[in-house]
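None of the figures in this text is laboratory data; all of them are computed from the coordinates on show. Keep in mind that this is a model prediction, so the values were computed, not measured. Note that we place each Cβ from the backbone using ideal geometry, even for glycine, and neighbour counts take in every protein chain shown.
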Amino acid sequence: MKKWIIKARVTEKGDLRKFNRNGGEGKVFKTVLLDASGSDIQASFFNDAADKFFNVLQKGECFTFSQGSIKVANRQYNNTSHRYELTFDKETLIEKSADDKDIETVKYTIAGLRTIQTRSAPCTVDICGIVTSFQPTMTVKTKQEEMLTKREITVADDTATSMTVTLWGERAQQEDKNFEGNPVVALKSIAIKEWNGGRSGSLLQSGSIVFNPPLTEAKRVQEWWTQGGSSQQLVQLTIQGGAGGDSRAQNAKHTTLAGMRMAADQLTSQPETFTAVTRLALVQTRKQGEPQPLHYTACQEPREGSNLLCQKRVDETGFCASCNRASAKSAPRLNLRCRFVDAEDQTWLTCFNEAATKVLGMSAEEVSELEKAAAVKGEAGREELDAAIRKTYFGKPFRLTVRGKLETYNGETRPDFKVVDARPVNYGDHGREMLKDIHEFVGQMAMVGA
């Protein structure tokens, strides 16, 4: 069936890529076309058609298309709402058309984050939500020795669910201020993958990110956030910390702060991992009457021979002693001394950046700005900083993952505990754990009575 003409806007356009099939080499690029009725359809251009039309078709412009083949859409590689998809060859006719105001510039099919948890992965979705946190840009090396820039942001929506999404290239290199202040974003074409027992997203090259979009979903999400969503406990689809971090939590010994204190006498130089459900009671903002820094500036240059960032402290001139050079990229990282409490005990624990941001509910950049303001305003500024942190005291409970081992300081060996992860408590799981403890306790009492 080729006797048709459609007028549509190119809303997505992928890269021109090469492939090998049956010993022969080919090339292809894909687009998404949107017409005035609001229907979108995927179109693929192979070989001669790819060479002929790749530079002709520009994202956002309108064209008329004819002489293409129609087939049933392959849902594994097609995220549009259309039942069919198009394939164009060198005989295809495409002509530039005047811009049509009746055709939208982008077609969203917004998926609630909670529903992503039950979808078959991998898949591609559109989402709309609040940026609750973001990480600095970093550079990674691919297997093909290509250097790529990436940035991770965490997005939450009114299903009380959050997920980490990775941005690449120019999207990642946008100024930090674009992500500050919890803006609403619409993300088109997010590739969802299952990783580390959770779900995470990656913005495809053909996709887009729009801040404060004119969508009804954006308005709804903003209202949810301002009317209590910002303080709501969120279900986190993405499990942070890599497989090692996840296995630490799975293999950790569940205890209380009192149990952790007792375990300190049995620690060795080999690290042990514990989990405990606690609440934040205090953050040390002063030491011996003097302001205690809550963050340090860390080098963001890649380690030599590695894709990992240095993350070592730089001095006031930006020099990194670990890299032995002035760091072109740096970012604030939190380093907190926190007092946690539970029903049995209280204790001081060190929280580094990833865990500290979850405990405080503030990014390192936000804390850094508050500290800079405090340095300018003096005592009044410190009080503003303290007031912002006090809001988090005795709030929602956290399940802490704590690593403990013996460390040597100035020739003295002593136990050292550090928080390596902090997550909001899943009340269902926690309730089942407590019920199990009760059953075990009742069983023990019954044996004693017998």
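Values [x] 28.2; [y] 46.9; [z] 30.3 are given for comparison; mean projected area of the Cα convex hull in nm², derived from the coordinates here, is the one labelled [z]. Between Asn47, Asn335, Asn353, the Gaussian network model of the chain with springs among Cα atoms under 10 angstrom shows the greatest mean-square fluctuation at Asn47. Taking each DSSP H run with n ≥ 4 as -39500 (n - 2.57) and averaging over every residue of the chain yields -6500 deg cm²/dmol at 222 nm.
The fewest-to-most ranking of Met434, Met447 by surrounding Cβ atoms within 10 Å reads Met447, Met434.
A cut-off under 10 angstrom between Cβ atoms defines the neighbours of Val221, and their net charge, with Lys, Arg +1 and Asp, Glu -1, is -2. Relative to the dominant Cα principal axis of the chain, helix 242-251 is inclined by about 40°.
A Förster radius of 56 Å combined with the Cβ-Cβ distance from Lys219 to Lys52 puts the calculated FRET efficiency at roughly 0.85. Residue pairs exceeding 29 angstrom between C-alpha atoms, taken from Lys3/Lys193; Lys30/Lys219; Lys30/Lys193: Lys3/Lys193; Lys30/Lys219.
Which residue, Phe417, Phe179, Phe65, tops the fluctuation ranking in a GNM of the chain built on C-alpha contacts under 10 Å? Sorting by GNM fluctuation, first place goes to Phe65. A simple spin-label model places the labels of Asn182 and His254 3.1 nm from each other, with each point 7 Å out along Cα-to-Cβ. You can think of it this way: the chain between Asp265 and Gln227 has 9.0 nm of extra reach, that is 0.36 nm per residue less the Cα-Cα gap.
Loop-located GluC sites (Glu not before Pro) across the range 79-182 with a Cβ neighbour count of 15 or fewer within 10 Å are Glu104, Glu145, Glu146, Glu175, Glu180, with loop assigned by DSSP.
Comparing Val376, Val210, Val367 in a Gaussian network model of the chain (Cα springs below 10 Å), the most mobile by mean-square fluctuation is Val376. For the range 113-236, a crude dipole built from +1 on the beta carbon of Lys and Arg and -1 on the beta carbon of Asp and Glu, taken about the Cα centre, is about 260 debye to the nearest 20.
Subtracting the Cα-Cα distance of Val448 and Val376 from their residue separation scaled by 0.36 nm leaves 19.5 nm. Counting only alpha carbon atoms, the long axis of helix 427-449 and the longest principal axis of the chain meet at about 40°. Here the 3J(HN,Hα) profile of the range 403-411, calculated from phi with Karplus coefficients 6.51, -1.76 and 1.60 at θ = phi - 60°, is 9, x, 6, 7, 10, 10, 10, 6, x Hz, Gly and Pro shown as x.
Among Ile192, Ile6, the order by Cβ neighbours within 10 angstrom, fewest to most, reads Ile6, Ile192. Summary value for the range 5-96: 32 percent relative contact order, contacts being C-alpha pairs under 8 angstrom separated by 6+ residues.
Just subtract the alpha-carbon distance of Trp348 and His430 from 0.36 nm times their residue separation and send over the number in nm, one decimal. Numbers along the way, then the final one.
Values: separation 82, 0.36 × 82 = 29.52 nm, distance 2.29 nm.
That pair, Trp348 and His430, stretches by 27.2 nm at full extension.
Counting only aspartates and glutamates at least 8 places from Lys101 when in the same chain, those with an alpha carbon closer than 17 Å to its own are Asp35, Asp40, Glu61. Considering only Ile5, Ala373, Thr161, and ranking their Cα positions along the charge dipole of the chain that arises from unit charges at the beta-carbon of Lys, Arg, Asp and Glu, the one farthest toward the positive end is Ile5.
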